[in-house]
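The values are calculated or read from the model by the stated rules, or taken from the named source; none is laboratory data. Bear in mind the structure is a predicted one, so any value in this text is a computation, not a measurement. Every residue, glycine among them, receives a Cβ derived from its backbone with ideal geometry; neighbour counts consider all protein chains shown. We work out accessible area using only protein heavy atoms, side chains counted, and drop any ligands, DNA or RNA first. Shrake-Rupley method; radii C 1.70, N 1.55, O 1.52, S 1.80 Å.
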2 protein chains.
Amino acid sequence: MTQATNVTPLFNDLAKIERDHTVACQECSLYRLCLPLGLHNNDLVRLDTIIKRSQNYKRGHILFTDEQPFKSLFVVRSGSFKTTISASDGREQVTSFYFPGEFIGLDAIHQSEYQSNAKALESSSVCELPYDMLQEIGEEMPQLQIQMLTRLSKELAGDRNLMLLLGKKTADEKLATFLLSLSKRFQERGFSATDFQLSMSRSDIANHLGLAVETISRLFSRFQEEGLISIAGKALSVQNIEKLKQLCG
Amino acid sequence: MTQATNVTPLFNDLAKIERDHTVACQECSLYRLCLPLGLHNNDLVRLDTIIKRSQNYKRGHILFTDEQPFKSLFVVRSGSFKTTISASDGREQVTSFYFPGEFIGLDAIHQSEYQSNAKALESSSVCELPYDMLQEIGEEMPQLQIQMLTRLSKELAGDRNLMLLLGKKTADEKLATFLLSLSKRFQERGFSATDFQLSMSRSDIANHLGLAVETISRLFSRFQEEGLISIAGKALSVQNIEKLKQLCG
DNA sequence: TCGTTTCCATGATCCACGTCAATTTCTGTG
DNA sequence: CACAGAAATTGACGTGGATCATGGAAACGA
């Protein structure tokens, strides 16, 4: 995750995670946002043994593409990622952005290949969960299974909301909804809900919301004129969160 | 499912299911499309004991709304359903249509309330799976857990494709993609891939695809003129499936 | 540090699809 | 079978956001 302007205890922990890729689940500050939530100690230790912690990847690193065989799920440890799917003619849709504690690859479980392409938006690292091993230890850990189902279900519900956004909302509403979703997720991770860095480009945002880059540019400018936000490059500051909420529809 | 014009063995079985709501999983013709797939006999019998089979519901019957507590998942036994989610201002998005063997309610697993509204599009029946019981027997049936994960994952992948459709495709491409998706699902269920009844209204289709009703009407007319389909009321016949596939993008 | 590329902002123009309106056709009900 | 309300079709017109075009500002690799 891009460094936020106000530093919180969780942020310090995240910085530690970034430096040290041996931190076990037990000591990981993402604990309450992550898979292990609700696992008993023995189970947690066991889960820990199957997790592979990655080195730091740099911006642009490709985690997987939709042509590769599905082997593992990934949890973001630090940084952020985007996933895309592509139509046969090359058009792409940015399906989601992922922040620390979130799962990447869940849509591939039913197939032998990944269903999307995942790319790092900034310097990032992940925990890799080999799916066959996950399934194996899952047989004896109902809590783990429940966690997995919960994750998937949450993601599904999120996607449905995005369908509402894509199908029914105006450009203004789309951007307002998107910014508030970011704000909420940063807050859950102990960052400021109002001041943060956008790790994705304008064109990623545009694509994700079903708009053109130019529209996003214009909206950022207008939102700024109207005192809703203030934005300079990638640094965003929400000035009037209430008005932004009203805009969502 | 609405009666298709060409009758196949599976169709006859489906007709039987519609009449007799006591058919056990073991004898159900949906077996290979449904949850029990891959379960051993003992497990199947056990699963069978927790399933409640509904009477026939008629068109317009509401299975659940997003205000009700989440208790059960549902599998369509006969007929079809639509699910919608609504924005705070009342706008609605049709998130999905469901046919026999498909699961409704998966997006609610992580919550105490349903996340959407489910309504019968025609005379329909369902199998009800109380989620607490499912979880209970799931602890001892890894195959069942895997099935559930697979289902959820498949639904997720489907939603991602719909995001591509909503975000990037033109009206023509949207309708072509939708018709082909219906065609494929009918075929999987033993019906004709080219001749079937649309159980949903034009406005449901329009809403689902992020278009206006009028646009759907015009497209149906134009597709007909161009020899792609022939449509009379709810009866659709695909005339040129190849051309339709090209249109999808 | 420079040169190159990618990203971003903003104005001018255009068009795919929405909206409005007027019929027509279907569907369900007494 | 008739009638009322809902659903679907078709045309005329308007518009939100795409596209095209240009110039400036970052980011990046050598």
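For the residue pairs B:K154/B:K243; A:K52/A:K234; A:K168/A:K245; A:K82/A:K168, alpha carbon separations beyond 21 Å are given by B:K154/B:K243; A:K52/A:K234; A:K82/A:K168.
Need one value for A:128-135: mean number of C-beta atoms belonging to other chains within 10 Å of its residues' C-beta atoms.
Values: counts 0, 0, 0, 1, 0, 0, 1, 4.
Mean shielding count: 1.
Backbone amide hydrogens, once placed in the peptide plane, bring B:D195 within less than 5 Å of B:V238, excluding anything fewer than 5 places away on its chain.
Surface exposure of the protein assembly as shown, expressed per residue as accessible area with a 1.4 Å probe, stands at 42 Å².
Within 10 Å of the Cβ of each residue in A:138-144, the mean number of Cβ atoms contributed by other protein chains is 3. Positive end of the dipole of region B:170-247 (Cβ unit charges, origin at the Cα centre): among B:S217, B:T170, B:S192, the Cα lying farthest that way belongs to B:S192. Here is how far apart the B:A212 label points are across copies: 2.0 nm, shortest first, using a point 7 Å from Cα toward Cβ. Using heavy atoms of the protein chains and a probe of 1.4 Å, the accessible area assigned to B:Y98 is about 10 Å². Here the Karplus relation 6.51 cos²θ - 1.76 cosθ + 1.60, evaluated at θ = phi - 60°, turns the backbone of region A:106-119 into coupling constants of 4, 6, 9, 3, 8, 10, 8, 10, 4, 9, 8, 10, 10, 9 Hz, with x for every Gly and Pro.
For chain A, what % of the accessible area comes from carbon and sulfur atoms, probe 1.4 Å?
Within chain A, the accessible surface is 47 percent carbon and sulfur.
Taking Cα centre as origin and charging only the Cβ of basic (Lys, Arg, +1) and acidic (Asp, Glu, -1) residues, the dipole magnitude of region B:9-165 rounds to 500 debye. Only alpha carbons enter this Debye calculation for region A:170-247, each as an equal point scatterer, and the log10 of I(q)/I(0) it gives at q = 0.15, 0.25 Å⁻¹ is -0.45, -1.37.
Please give the charge dipole size of region B:204-249, origin at the Cα centre, charges +1 on K and R Cβ atoms and -1 on D and E Cβ atoms. Round to the nearest 20 debye.
The calculated dipole for region B:204-249 is roughly 60 debye.
Counting only protein heavy atoms and rolling a 1.4 Å probe, how much accessible area do B and A lose on contact, total for both sides, in Å² to 100? Looking at B and A, the buried total is near 4200 Å². Checking the a/c ratio against 1.5 first, then a/b against b/c, what shape does the Cα gyration tensor give for the protein assembly as shown? Oblate is the answer for the protein assembly as shown, as a/c is 1.5 or above yet b/c matches or exceeds a/b.
Summarising the amide proton neighbourhood of A:R53: residues at separation of 5 or more, or on other chains, whose placed amide H is nearer than 5 Å comprise A:E128. Could you pull out the GluC sites (Glu not before Pro) across region A:173-249 that fall in loop regions by DSSP (anything but H, G, I, E, B) with no more than 13 other Cβ atoms inside 10 Å? Within region A:173-249, the qualifying GluC sites (Glu not before Pro) (loop, at most 13 other Cβ atoms within 10 Å) are A:E226.
Per-residue 3J(HN,Hα) values for region B:232-241, derived from phi via the Karplus relation 6.51 cos²θ - 1.76 cosθ + 1.60 with θ = phi - 60°, read 9, x, 9, 8, 10, 9, 7, 9, 9, 5 Hz in sequence order (x marks Gly and Pro). With label points defined 7 Å past Cα in the direction of Cβ, position A:T65 shows copy-to-copy spacings of 4.9 nm, given to one decimal and shortest first.
Remark: mean inter-chain Cβ contacts per residue of B:105-117 equal 4, using a 10 Å Cβ-Cβ cutoff to other protein chain atoms.
Converting phi to 3J(HN,Hα) with the Karplus coefficients 6.51, -1.76 and 1.60 and the offset θ = phi - 60°, region B:183-195 yields 3, 4, 5, 4, 4, 4, 8, x, 9, 5, 7, 10, 10 Hz in sequence order, with x at every glycine or proline. The mean sequence separation of alpha-carbon pairs under 8 Å and at least six residues apart, normalised by the residue count of region B:9-165, gives a relative contact order of 29 percent.
In a reduced charge model with +1 at each Lys and Arg Cβ and -1 at each Asp and Glu Cβ, region A:170-247 shows a dipole moment near 160 debye about its Cα centre.
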